1. What residue among VAL25, VAL118, VAL110 shows peak mean-square fluctuation when the chain is described by a Gaussian network model with Cα springs under 10 Å?
2. Could you size up the charge dipole of the chain around its Cα centre, putting +1 on the beta carbon of Lys and Arg and -1 on that of Asp and Glu, and report it in debye to the nearest 20?
3. Over the Cα atoms of the chain, Rg to Rh with Kirkwood Rh, two decimal places?
4. Please give the length that would be gained between ASN62 and GLU5 if that part of the chain were fully extended, namely 0.36 nm times their separation in residues minus their C-alpha to C-alpha distance (nm, one decimal).
5. Quick one: helix 20-30 against the long Cα principal axis of the chain, what's the angle to the nearest 10°, folded into 0 to 90?
6. If I build a Gaussian network model for the chain, linking alpha-carbon pairs within less than 10 angstrom, which residue out of MET99, MET79, MET15 has the largest mean-square fluctuation?
7. Out of the total accessible area of the chain (probe 1.4 Å, heavy atoms of protein only), what percent is carbon and sulfur?
8. Please give the FRET efficiency for ARG98 paired with ARG126, using the beta carbon to beta carbon distance and R0 = 25 Å, rounded to the nearest 0.05.
Amino acid sequence: MKVAELMETNLKVVMDDTTVAEAVVTLADAHVSAMPVLDRQSRFVGVLSTTDVLQAEAEAANAEERERLFQDTLVREIMSTKPQTVEPDDDIKEVAQRMLYLDVHRLFVVYDGELVGVVSQSDIVRAVATAKL
């Protein structure tokens, strides 16, 4: 089975110049734990996850710094850069092994340099549970 058969293509994205507060609302509204980050030229430049937000919050020394984090910090300042990617034609078993090796919950799918989807551990579990894989 190929990534293209399981990947989600209806992606919620966040721009790199969005504030952390706005991005957290988008994450919550979309019911996702991570989103791809695009720059103003629509290039895929990173991933913002709840882990990134929590880590930045934990590093804040006090309530005032935490408030500034959410109101004044841009996504590009706390996102994970150099996201791991796969291609639509990649074998899903190899992708699952890669997720285990990298200890990540999802990999973003890029085709011809463009972001086209995401495949997650949940997608793979769902395929196994419904006997598609």
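1. VAL25
2. I would put it at about 400 debye.
3. Answer for the chain: 1.01.
4. Difference between extended and current length: 15.9 nm.
5. Roughly 40 degrees, rounded to the nearest 10.
6. The residue that fluctuates most here is MET99.
7. Of the solvent-accessible surface of the chain, carbon and sulfur hold 48 percent.
8. Computed FRET efficiency for ARG98 and ARG126 comes out at 0.85.
The values are calculated or read from the model by the stated rules, or taken from the named source; none is laboratory data. Values in this document were obtained by computation on a predicted structure and should not be read as measured data. Ideal geometry is used to build each Cβ from the backbone, glycine not excepted, and the neighbour counts take in all protein chains shown. When the accessible area is computed, the model is the full protein with side chains, heavy atoms only, and any ligands, DNA or RNA have been set aside. Shrake-Rupley method; radii C 1.70, N 1.55, O 1.52, S 1.80 Å.
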